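Working notes, structure below.
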């Protein structure tokens, strides 16, 4: 089953890449680009299919942004308290946590 899925994803990726390369010079299109508001839906769908097939094979172009957002959430959820550095305290002043 895994081999069939890999083959299917490879074919989908290849077909979407060929469609986006515009080998037909605009003659072969599912939705003509000159239609207002819907003309580029076919290219958007082909891009989505190409990105998903690349991600299936381990080439995840979108991972940088998603990992950055997840890393920020992990830091926020684990941070319990923050004490200022000693240099930022005025002389003789204690931090809120009882540290001089």
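The values are calculated or read from the model by the stated rules, or taken from the named source; none is laboratory data. These figures come from a predicted structure and were not determined experimentally. For neighbour counting, all protein chains shown are included, and Cβ atoms are generated from backbone atoms with ideal geometry for every residue, glycine included.
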Over 29 Å from residue 58 (Cα atoms), assigned to a loop (DSSP other than H, G, I, E, B) and free of Cβ contacts under 8 Å to residues at least 24 places away in the same chain, is that true of residue 23? no
So residue 75, is it in a helix (DSSP H, G or I) and either out of contact with any helix residue (DSSP H, G or I) (no Cβ under 9 Å at 6 or more places or on another chain) or modelled with pLDDT of 90 or more (or both): yes
Can you find even one residue in segment 30-43 that is within 18 Å of residue 13 (Cα to Cα), without any contact (Cβ under 8 Å) to a residue 24 or more places away in the chain, surrounded by 10 or more Cβ atoms within 10 Å (Cβ to Cβ) and within 13 Å of the chain's Cα centre (by Cα)? no
For residue 4, only one of the following conditions fails: (1) in a helix (DSSP H, G or I); (2) surrounded by 10 or more Cβ atoms within 10 Å (Cβ to Cβ); (3) modelled with pLDDT of 70 or more. What is its number? (2)
So if I check each of 29, 43, which one is farther than 23 Å from residue 5 by Cα, modelled with pLDDT under 90, touching a helix residue (DSSP H, G or I) at 6+ places or on another chain (Cβ under 7 Å) and in a helix (DSSP H, G or I)? 43
